[in-house]
Amino acid sequence: MTRKRAKKRELRTLAAPFTVAAPPGARIRERLRLPAADAEALRLVGRHLGHHAWADLAERVRLGDVKAKDNQRAARKKALTAVSSSRWAGAMTRASEDQYQLSKRALYDERAMLRRAIRVINNRLAVPCGQRRNGVRGYPNQAERFQKQRRLQALTARLARVEQRIATGRPGIVVGGRRLAKLRHHLADSGLTEAEWRERWDAERLYLTADGESGALYGNYTITVDPADGAVTIVLPEPLRHLANSPRGRYRLACSVGFSHRREEWMDRATAHQAVRYDIVHDPARDRWYLDASWSTTPTALPTPEDLAATGTRMLAVDLNADHLAACVTDAHGNPVGGPITITTDLTGPTSRRDGRLRAAISSLICLAHEHNCAGIAIENLGFDDARSIGRETMGRGRRGKKFRRTVAGMPTAKFRERLRGMAFHAGLVVIAVDPAYTSRWGGQHWQRPLQSQTRTTVTRHHGAAVAIGRRAFGHGIRRRPGVTTHHQSDGARRATGQTVFVPRTRGTARPPRTTGTSIGGDKTCWSQSGQLALLPDLEDRSRGHRITNPVYSDSANTGQHH
């Protein structure tokens, strides 16, 4: 009886690598060391403006999904001007519109996620337990199938609510955060008292945001920072003008700011009277006030992956994992240069600690890129959208599957990409994003063992994935090209090369290769073919790495074994 040949699994189409755009703006922060009187004045102003700003947001949500000309912004701004000022009213109406559009996009994303999950569960429910049809596996037993039916009902009801909100154009918005609002009913579990929770809730609902205005004094008339002495003044709302301690209804803070980080850029904009936005925020946990300054930057044209490959530059390829970063330097031909690199990232603990350790890891990557003369950093374009929506159906079962899903969900893909984009841009590096499909599988298959033969440290499949990412960033295939890896001249170790340029081969009237035991002219006989040198391209001399005495990294296909 002949066995039926299994159908070959089709590979998904790979997206082309692309250059990650430069950050569209800049944001810096300075601490405000306020006396008690100034802090109380800021609380009064923030509560007053926050009350009217969030009332305006509720009115915008009530209007629903209408055209820009029908959102009644002029009428709402006129009503807010009477209780604040014209500039405060303009900032509040713009913030309401931005928040509404953001919440509407979040509804669309949630609907797409629910539809994907429902579709996957329906496909698996259509297959009997323990069977497999058309590549879809049914649930292993009736108990799990029953639980999935219950989950399907819950997802369907949730999708109906989302569809209703989209149809009416009224997204659910919780000013201060839905998580913090729910925490009010679980104070014992959170370790907070009612007074501490109330302080955090009030701090999140303060509104002290002033949009910048080009042509205004120092780029912002509502909240003005004098670049000469760092004095901060704020326009008080009309009902609070009795608190003014400066002319024209303004309140001047007793402290001053200097913005030590990126001070030159801020000074250039402030002295040229270009728009600068200011936000005053309060951290109740440490009882500190901060002033944030932000502005938009001029769009910058960055080189494409094709431009980088044409210049023959190097690239630092990075594979992001749950607890470490696996990196490797690759040249323009896709060959690894030097040994694999591992950077640990312990992303546990409070948010501030995780963010600091992530920044430290990115700083280490930037230092490595400069040390190896790399023009940029190649990463995977990870999002894990499908993993978060259908991970329960496709990423394992039981305790082990749940642990794996938590590991994937805990990887800071978006935060890592945004932090790396900004820090690399200011360091003069380009970030290339590649398709993450099959990088770990093919990198481990084709590059883990060759890399291990060149170093004494432990090489994992993640290091092989880093090489795969670097090769894909330049448009090369991941598979190592056969016929170019030769034996090392000194100790016979295999060199981890995968040359992607053209390799000349013997053709035409060239002499055929010598085989063992054959005589070729005179009385000489070839007893071994292992000493025969393979033909190599003329654009580089692969033997030069064995003639030098001082180890120097070169763009040859060498992974770091120097003699």
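Numbers at a glance
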{"read-out": "Any helices (runs of 4 or more DSSP H) falling wholly within the range 394-494 and containing at least 3 residues that are at pLDDT below 80", "value": "398-409"}
{"read-out": "Candidates GLY391, GLY349, filtered to the one that is in the same structural domain as THR457 (by TED's automatic domain parsing), surrounded by fewer than 17 Cβ atoms within 10 Å (Cβ to Cβ) and either modelled with pLDDT under 80 or under 23 Å from ALA437 (Cα atoms) (or both)", "value": "GLY349"}
{"read-out": "From the options ALA89, ALA106, ALA53, ALA41, residue that is assigned to a helix (DSSP H, G or I), free of Cβ contacts under 8 Å to residues at least 24 places away in the same chain and among the hydrophobic types (A, V, I, L, M, F, W, C)", "value": "ALA89"}
{"read-out": "Test: GLY90 is in the same structural domain as ALA58 (by TED's automatic domain parsing), surrounded by 13 or more Cβ atoms within 10 Å (Cβ to Cβ), of a type outside the set (Ser, Thr, Tyr) and touching a Cys at 6+ places or on another chain (Cβ under 9 Å)", "value": "no"}
{"read-out": "Scan of the range 330-344 for residues that are at negative phi and out of contact with any Lys or Arg (no Cβ under 6 Å at 6 or more places or on another chain), ordered by number", "value": "THR330, ALA332, HIS333, ASN335, PRO336, VAL337, GLY339, PRO340, ILE341, THR342, ILE343, THR344"}
{"read-out": "Residue list for the range 17-36, restricted to those being in contact with a Cys (Cβ under 9 Å, 6 or more places away or on another chain) and aliphatic (A, V, I, L, M)", "value": "LEU32, LEU34"}
{"read-out": "Any chance MET113 is among the aliphatic types (A, V, I, L, M) and farther than 30 Å from ALA53 by Cα", "value": "yes"}
{"read-out": "Any hit, the range 362-374, residues being assigned to a strand (DSSP E or B) and crowded, with 18+ Cβ neighbours inside 10 Å", "value": "yes"}
{"read-out": "Residue under evaluation ARG314, criteria (1) touching a helix residue (DSSP H, G or I) at 6+ places or on another chain (Cβ under 7 Å); (2) in the same structural domain as ASN335 (by TED's automatic domain parsing), criterion not met", "value": "(1)"}
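The values are calculated or read from the model by the stated rules, or taken from the named source; none is laboratory data. This is a predicted model, so every value here is computed, not measured. When we count neighbours, we look across all protein chains shown, and the Cβ atoms used for this are built from the backbone with ideal geometry, even at glycine.
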